[in-house]
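Here the structure is laid out as C-alpha cells; the discussion comes afterwards.
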Amino acid sequence: MSDDTQLENEAQEEFDPITDTRDWSAVATELACFALARSKGKGLVKIINTKKLIMPFICIFEDYLG
C-alpha cells in the first residue's frame, strides 16, 4: 500500500457523533477548523472529511497543556 493510499484511507475515517466522546465540531471547510480551534482556545488534533454535503469536516479538539 502506498503512502498516498494510506493517507487517503485515514482521511476517510468513519465518524459516529453518537459514540465519539472527544471534543468535536462539524464545519463547512478545513480552514474553519483552525479558526474554531483558535476561538475555543484549544488544540486541533485531527480533521476528518466525512464527504457529506452539509458540514463535511469534523474537527477534533484537545485542551492545551499548560
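What's the number of the only condition in (1) open to solvent by 90 Å² or more (accessible area, probe 1.4 Å); (2) at pLDDT 95 or above that D3 fails to meet?
(2)
Residues to consider are E14, E8; find the one that is modelled with pLDDT under 95, outside any loop (DSSP other than H, G, I, E, B) and out of contact with any Pro (no Cβ under 6 Å at 6 or more places or on another chain).
E8
When K51 is evaluated against the numbered criteria (1) surrounded by 10 or more Cβ atoms within 10 Å (Cβ to Cβ); (2) at pLDDT 90 or above, which criterion, by number, is the only one it fails?
With respect to (1) surrounded by 10 or more Cβ atoms within 10 Å (Cβ to Cβ); (2) at pLDDT 90 or above, K51 is out only on (1).
The values are calculated or read from the model by the stated rules, or taken from the named source; none is laboratory data. Keep in mind that what you see is a predicted model, and the values were worked out from it rather than measured. Positions of Cβ are generated from backbone atoms using ideal geometry, with glycine treated the same way; all protein chains shown enter the neighbour counts. Note: accessible area is taken over every heavy atom of the protein model, side chains too, but ligands, DNA and RNA are not part of it. Shrake-Rupley method; radii C 1.70, N 1.55, O 1.52, S 1.80 Å.
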